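All remarks here apply to the structure that follows.
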């Protein structure tokens, strides 16, 4: 196994670190203030921020754009999964930073889907403006009325009607659906309830301005509405789109989902490692700057134990993530499915524990918004559910392990 980063990756890493130091970290409070001001002045916290829009051209000028998409003629700047890993980790240290570089979910997964499975007309209409950062998109899979951890339960109907498909269903936790720039939904639903269990589902492209789509409400996470990105509950009622909008054909939804979710899951893990690294940094700085009972808190045994354990766990998660990225690059996503499942369990769990210790180290300040820790804790906790809950991944890992001995 060779985890060495390319010279191009190292150069981009240096550039990205400098960009974060100059433009992102100093503007964390300004971002929050602008979101709040949009809510007060315009009554709409979901408006895009001027701050992020101002930074995007700067990132693009420095070659820090569309780095996530490998093997695409439309995005020649795209890196391998291995080379993207350290850059995605750096972006993940601030929740809104990935958008600055056009590397934010769910757009990255949707762009990968369009690149791998879309028709040329789909790519011209949707992929090109997404790669240019002109629009945003959403992925509609999870539903409130079924256990969506088993995707065969997804009940949204996609029925053929002449030259069209008609979509009826109820979705929620749809990331980015409240963004006024969201122009496209990729919707997973059932085209044939009588087919084989894993051939019932399909994916279809649905323009966001199609009649019959109702965004009911934003869904808060531990009290955060997560504007201006966030997650929404959506109803599709007799939504009609051209039959050519189906991806790959009827019954191919699971196939597409596996191709989409592999890269999406590893990107989440890369960003989670960045969150954990930042939490450890903030924890160390806080402990070294505070005195209790006559000595620095950083000198007390319990905190040295936690610092050491944090470093061990973060490096463990990073190494497994790099191995997974290397496998995805060399033998493909399917051959790396066990490792993808393992990192999806490990990385968010590690980040959650380090965040918890960092919050504890900050005392009452840790649960305030003076530091990013509480918000990161809330966001990271959702990762143990997003793109498949821990239990599903652990079951998959166990099944793959058992097959070795059967």
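Every number in this text was worked out from the coordinates using simple rules, so none of it is lab data. Please read these numbers as outputs of a predicted model, since none were measured by experiment. All Cβ positions, glycine included, derive from the backbone under ideal geometry; neighbour counts span all protein chains shown.
Here are the numbers:
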{"item": "Exposure proxy ranking, count of Cβ atoms within 10 Å, fewest first, for 321, 49, 403", "result": "403, 49, 321"}
{"item": "Convex hull volume of the chain per residue (C-alpha atoms, cubic angstrom)", "result": "151"}
{"item": "Peptides ranked, highest mean first, by Cβ atoms within 10 Å: ranges 33-43, 74-84, 328-338", "result": "74-84, 328-338, 33-43"}
{"item": "Ranked packing of 220-230, 349-359, most packed first, by mean Cβ within 10 Å", "result": "349-359, 220-230"}
{"item": "Nearest-ten-degree value, helix 390-402 long axis tilted from longest Cα axis of the chain", "result": "80"}
{"item": "0 to 90° range, to nearest 10: angle between helix 28-42 axis and the chain longest Cα axis", "result": "50"}
{"item": "Between the range 289-334 and the range 159-177, the Cα center-to-center distance that results, in Å", "result": "42"}
{"item": "The chain: most fluctuating residue of 347, 292, 30 per GNM, C-alpha cutoff 10 Å", "result": "292"}
{"item": "Structure-based [θ]222 nm, the chain - -39500 (n - 2.57) summed over DSSP H runs of at least 4, per residue, nearest 500", "result": "-15000 deg cm²/dmol"}
{"item": "Exposure proxy order (Cβ contacts within 10 Å, fewest to most) of 115, 99, 309", "result": "309, 115, 99"}
{"item": "Gaussian network model of the chain, Cα within-10 Å springs - most flexible of 376, 13, 360", "result": "360"}
{"item": "Quarter of the Cα convex hull surface for the range 254-405, i.e. its orientation-mean projected area (nm²)", "result": "10.2"}
{"item": "Cα-based helix-to-principal-axis angle, 107-117 vs the chain, degrees rounded to 10", "result": "40"}
{"item": "Spatial extent of the range 136-247: Rg and Dmax, with the Cα atoms as the point set, Å", "result": "13.8, 45"}
{"item": "Where labels lie 7 Å past Cα in the beta-carbon direction, separation of residue 214 and residue 163 in nm", "result": "3.0"}
{"item": "Using a Förster distance of 25 Å, the FRET efficiency for residue 244-residue 53 (Cβ separation, nearest 0.05)", "result": "0.15"}
{"item": "The range 7-118 shape via C-alpha gyration tensor axes, a/c threshold 1.5", "result": "oblate"}
